[in-house]
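So the structure is just underneath, and the comments pick up after that.
The values are calculated or read from the model by the stated rules, or taken from the named source; none is laboratory data. Worth saying up front: this structure is predicted, and the values here are computed from it rather than measured. A quick note on method: Cβ atoms are made from the backbone with ideal geometry, for glycine too, and the neighbour counts reach across all protein chains shown. When the accessible area is computed, the model is the full protein with side chains, heavy atoms only, and any ligands, DNA or RNA have been set aside. Shrake-Rupley method; radii C 1.70, N 1.55, O 1.52, S 1.80 Å.
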Amino acid sequence: MSLQSVKDFFASHAPDITVLETEKSSATVAMAAEAHGVDPDQIAKTLCIRAGEEVILLVAAGMARLDNRKFRDRFGAKPKMPEAEEVLARTGHPVGGVCPFGLATPMAIYCDRSLQAHAEILPAAGAGNSAVRLTPDRLIELTGAEWVDVCQSGSGIAG
């Protein structure tokens, strides 16, 4: 169902983008990078985060790590990860396939500036073996996301 909601999203909003499905799992940054033959930092990981009473989606470069101070300064609360069941209920996507497309419920979406280091990024597409290829700006355009700076500076930091 989750993968289908993403395919439906792209069919109606961006028919030029193809949902890629692999035989290999792409549920982690390392697995996704290997499955798609890209640098791990090009994987656009989507984190479901509780910020006080609000639950948001944050898309960041694969190797970026959340900076708790920057997050607290931006959102006014310490970041907390909801349980997998809540993530599935809110997004419609299982952990490992969470993405900002074809969501079960409306959510605020933010993209960390770490994504801007790449001409092409690959966010998941609703399943642990799917992704799409697009530019960071196209991601913003399709999701209505807002740019934020909430990850640690520098690259090569495991996320």
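Modelled spin-label separation between Gln116 and Ser12, with each label point placed 7 Å from Cα along the Cα-to-Cβ direction: 3.2 nm.
Annotation: Asp149 carries an accessible surface of approximately 80 Å², with a 1.4 Å probe and no ligand, DNA or RNA atoms counted.
Sorted from longest to shortest, the spans of the Cα atoms of segment 44-126 along the three principal axes equal 31, 29, 18 Å. Extension gain, Ala108 to Glu54: 0.36 nm times the residue separation minus the Cα-Cα distance gives 18.6 nm.
Taking the inverse of the mean 1/r over every pair of distinct Cα atoms in the chain gives a Kirkwood hydrodynamic radius of 15.3 Å. Near Val150, once Lys and Arg are set to +1 and Asp and Glu to -1 for all other residues with Cβ below 15 Å from its Cβ, the sum equals +4. The apolar share of the surface of the chain, taken as the fraction of accessible area on carbon and sulfur atoms (1.4 Å probe, ligands and nucleic acids excluded), comes to 50 percent. The antiparallel fraction among DSSP beta bridges confined to segment 1-147 stands at about 65%.
Could you do me a favour and compute the accessible area per residue for the chain, 1.4 Å probe, result in Å²?
Working: 7620 Å² over 159 residues.
Heavy-atom accessible area per residue stands at 48 Å².
Tell me the relative contact order for segment 19-155 as a rounded percent, counting alpha carbon contacts under 8 Å between residues six or more apart. Rounded, it is 29 percent for segment 19-155. Straight-line cross-link reach from Lys24 at under 28 Å between alpha-carbon atoms covers these lysines, not counting any fewer than eight positions away in the same chain: Lys7, Lys45.
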